[in-house]
Amino acid sequence: MIQLIPRENVSPVLSLLGPLFSIGFTMLIGGILFYFLGVDPFAAIKMIFWDPIMSETFSSYSIPQIFIKGAPLILIALGLSVGFKANIWNIGAEGQYIMGAIFGASFALSLYPMNSAFIFPLMVLIGIAGGCLWSMIPAILKIRFNVNEILVSLMLVYVAEQILALASLGFLRNPDGAGFPGSRNLSQYPSASNSELILGTGIHLGVVLSLFMIVFFYILLFRHSLGFKIKLLGSSPKAYSFSGQNPNKLILICLTLSGGLAGLAGIMEVAGPAGQINIDFNVGYGFTAIIVAFLGRLNPIGILFAGLVMALTYVGGELTQFMLNLPAAAIQLFQGMLLFFLLSFDLFVYYKIRLGGN
Amino acid sequence: MGLSEINLAVLVASLIVASTPLVLAALGELIVEKSGVLNLGVEGMMIIGAVSGFIVGVETGSAYIGMIAAAIAGALLSLLFAFIVLIMQANQVASGLALTIFGLGLAALMGHPYTGIKSPQIQTISMPFLSDIPLIGQMFFQHDLIVYLSLIAVFVVWYFLNRMRLGLVLRSVGEDHDVAHSLGYRVISIRFLAIMFGGAMAGVGGGYLSLVRVPQWTEGMTAGAGWIALALVVFSGWRPGRLLIGAYIFGGITILQLNLQAIGVNINIAILSMAPYLATILALVLISMSRLHGKRGAPGCLGKSFVKSV
């Protein structure tokens, strides 16, 4: 018989090895999958994980791209990780990301073509507020009526997608756009543009902010009492209530943080790399960030690496699409697989396994 | 065209067709949750059912064989979830999400060559005599086999849970797995079977979408149906009869908004398209507000891992 014995302390070594093993296993199974799709597995794996960084032809473009794609993932995952620790499951970050972008862009575009130094910072703040507003709906419904936040936050993603359609075909449509869907391009509006900081790389303020937020969340979680409260609520809600704390306040804080950061990611993206509000603005960062949060073990520094690895699979995935004609869905499959392996590996982190009879 | 263009009989008949995938998937999830497991991967299992059912349906030319394939595919995918959750003790919420992400990716990959093909037809079976009743006949008794089966399934699930010994065992496992274990019931095996049943039902629900309801394969075609099925289970208070009513109300809202779009009512399409999702949120709020309902019906061990204690 196999017997599971809970560990008294979570093994830190295994906790670190888990994500690495999971990536390894994903490469292995992914390689087998590629083989069956008629693609050379070694070439494909190399192109996803190696070429974007090391290849001379691609790296000058790819390395900054990893940071650009990693920034929204890291921002959103940081916010989500706090809630996940406390057992508050906001899985609608995709919707909050969209709403952040719409709110911020609506503000900036309503002032077009006015020039002012105040527009950009205000736009960012309004974007954050937009994300918060969208995550406040599940928060308030959970606090007030005890409605499941998982389902509400997810339903709101579909609502946000419809509002996005409404915006790009209607109220934000570029009046000079010859009837094409999509708003004015914010990158051509100097007061609102989230322009690149290092010329020719595309690295923008969002990238810098994502790195800054890692430090902020590290302090919040490990040096501030809030971090302790979050862990307490997650591991023992009863103990939390007995200690005289109000769990509702924490629900509000967690959803504000995750919604706000998703909104920040959204406004940074729409004013920067994406440039405009359009129907296909959202590409699933809000969902991938859930994987990033787990891959990073809900730890800010872990999330930094996890976000970059996941961004690498996006960039590498695009390469395989161009070079090997591999379908885009293969990368999504990869990401799902990675999460499976990670979650399975947790068994060894939390339990000792004893073989043999009783 | 105006509101009078909407034919009531056709409306009710299409409402039932629209609701059937939800009824099937939600019934499956009801059994899973009654056994104490929360599987958030319904969306993933549905879409795998949709794509597998469609591929097999097109290749064999039979929608029925497609449906069977959809059930098998859904059950197989759920096995992955069962293994991770029951054997590897992984967090159920996160594993369910992983299942959905994985399922959506796999389905997109599998279905790519099949985009834009038409599926084989499924015959409607007119109930003798009953289908001749004016209005009502057209509404309720001229459907395909799966619709009738879904209604039978509602009854069977109710009977299983409330009148059969095995149903009682399943409920006891969901209520308190430690007690059930000490009574000698095999918690893990029962949950495995429940999860597989849930997977098969979600698979058929998905297959019904791609083979009958739409009938076509498009990427991401479930569009949240799996999540709505999850909400329906909560809304029903874990009771099959109420689940059916809930699904039909929901299907009604979907069909009504589609009809309003079709006749060109002066409301923006995007706003109409939001209606099903907003209705789901509203339903969840209303059901949580009613004090009578409360948490009654929610299994005691829902979402908790079971570790065999010695």
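Nothing in this text is a laboratory measurement; each read-out follows from the coordinates by a stated rule. Everything numeric here is computed off the predicted structure, so don't read it as measured data. Here Cβ is always computed from backbone atoms with ideal geometry, including for glycine, and neighbour counts include all displayed protein chains.
Please give the length that would be gained between A:I32 and A:Q188 if that part of the chain were fully extended, namely 0.36 nm times their separation in residues minus their C-alpha to C-alpha distance (nm, one decimal). Don't jump to the answer; show the numbers that get you there.
Details: separation 156, 0.36 × 156 = 56.16 nm, distance 4.56 nm.
Net length gain for the segment: 51.6 nm.
How high is the FRET efficiency between A:R7 and B:S189 when r is their beta carbon distance and R₀ equals 25 Å, given to the nearest 0.05? The partial results should precede the final answer.
Working: r = 26 Å, r/R0 = 1.05.
Efficiency computed from Cβ-Cβ geometry: 0.40.
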**Fill in**
Label model pair A:R223, B:L258: point-to-point distance (7 angstrom along the Cα→beta-carbon line) in nm is 5.7
**Prompt:** When only C-alpha pairs under 8 Å and at least 6 residues apart count, what is the relative contact order of the range B:48-191, in percent?
**Reply:** 17
**Prompt:** Highest mean first, what order results for A:336-346, A:31-41 on Cβ atoms within 10 Å?
**Reply:** A:336-346, A:31-41
**Two-site FRET efficiency, B:R163 against B:I249, from Cβ-Cβ distance with R₀ of 41 Å, rounded to 0.05** = 0.95
**Request:** Would you mind calculating the relative contact order of chain B from Cα pairs under 8 angstrom and at least 6 residues apart, reporting the percent as a whole number?
**Result:** 36
**Item:** Simple spin-label estimate for A:M114 and B:T115 in nanometres, 7 Å along Cα-Cβ
**Value:** 4.3
**Mean residue ellipticity (222 nm) of chain B, computed from DSSP H runs ≥ 4 via -39,500 (n - 2.57), nearest 500** = -22000 deg cm²/dmol
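Arrange A:C132, A:C254 by Cβ neighbour counts within 10 Å, fewest through most, would you? Before the final figure, lay out each step's value.
Numbers: A:C132 24, A:C254 29.
If I rank by nearby Cβ atoms, fewest first, I get A:C132, A:C254.
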**Prompt:** Assigning unit charges at the beta carbon (Lys, Arg +1; Asp, Glu -1) and nothing else, what dipole magnitude in debye, to the nearest 20, does the range A:38-326 show about its Cα centre?
**Reply:** 1200
**Request:** Averaging sequence separations of C-alpha pairs under 8 Å and six or more residues apart, then dividing by the length of the range A:38-326, give the relative contact order as a whole percent.
**Result:** 37
**Message:** I'd like the distance between the alpha-carbon centres of the range A:124-138 and the range B:144-191, rounded to an integer number of Å.
**Reply:** 42
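Give me B:L40, B:L286, B:L209, A:L232 sorted ascending by neighbouring Cβ count inside 10 Å, so fewest comes first. Mind dumping the intermediate values first?
Working: B:L40 26, B:L286 13, B:L209 30, A:L232 19.
Ascending number of Cβ neighbours within 10 Å: B:L286, A:L232, B:L40, B:L209.
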**Request:** Please compute the Cα-Cα pair-distance distribution of the protein assembly as shown with 20 Å bins starting at 0, giving whole percents from short to long.
**Result:** 18, 53, 27, 2
**Close Lys-Lys pairs in chain B, where close means Cα under 30 Å and separation is 8 or more or interchain** = 5
**Item:** Projected area averaged over orientations for chain A, convex hull of C-alpha atoms, nm²
**Value:** 21.4
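Add +1 for every Lys or Arg and -1 for every Asp or Glu among the other residues with Cβ under 15 Å from the Cβ of B:F197, and state the total. Can you show the working numbers first?
Values: positive: B:K34, B:R171, B:R191; negative: B:E29, B:E33.
Counting the neighbours of B:F197, the net charge comes to +1.
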**Fill in**
Quick calc, the protein assembly as shown, dipole around Cα centre from Cβ unit charges on Lys, Arg (+) and Asp, Glu (-), nearest 20 debye, gives 2200
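Per residue of A:82-90, what is the mean number of Cβ atoms on other protein chains within 10 angstrom of that residue's Cβ?
Working: counts 0, 0, 3, 0, 0, 3, 0, 4, 0.
Whole-number average of other-chain Cβ neighbours for A:82-90 is 1.
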**Item:** Given charges at beta-carbon only (K, R positive; D, E negative), |dipole| of chain B in Debye
**Value:** 880
**Amide proton proximity set for B:H143, modelled H, under 5 Å, gap of 5+** = B:I125, B:M127
**Request:** Just give me a number: lysine pairs in the range A:38-326, eight or more positions apart or cross-chain, with C-alpha atoms less than 21 Å apart.
**Result:** 14
**Prompt:** Which Cα, out of B:Q123, A:F340, B:L106, lies furthest along the positive dipole direction of the protein assembly as shown (beta carbon charges, K/R +1, D/E -1)?
**Reply:** A:F340
**Fill in**
Simple spin-label estimate for B:I136/A:D280, 7 Å along Cα→Cβ, in nm, reads 5.2
**Item:** Cα gyration tensor, chain B - rounded (a/c under 1.5), prolate or oblate
**Value:** prolate
**Selection from B:A275, B:S288, B:V187, by position along the positive dipole direction of the range B:179-310 (Cβ)** = B:V187
**Zone of B:E59's modelled label, taken as backbone nitrogen in the range B:190-213 under 20 Å from a point 7 Å along Cα→Cβ** = B:200, B:203-212
**Request:** Equivalent ellipsoid semi-axes for the range B:60-152, as square roots of 5 times the alpha carbon gyration tensor eigenvalues: give them largest first, rounded to whole Å.
**Result:** 36, 19, 11
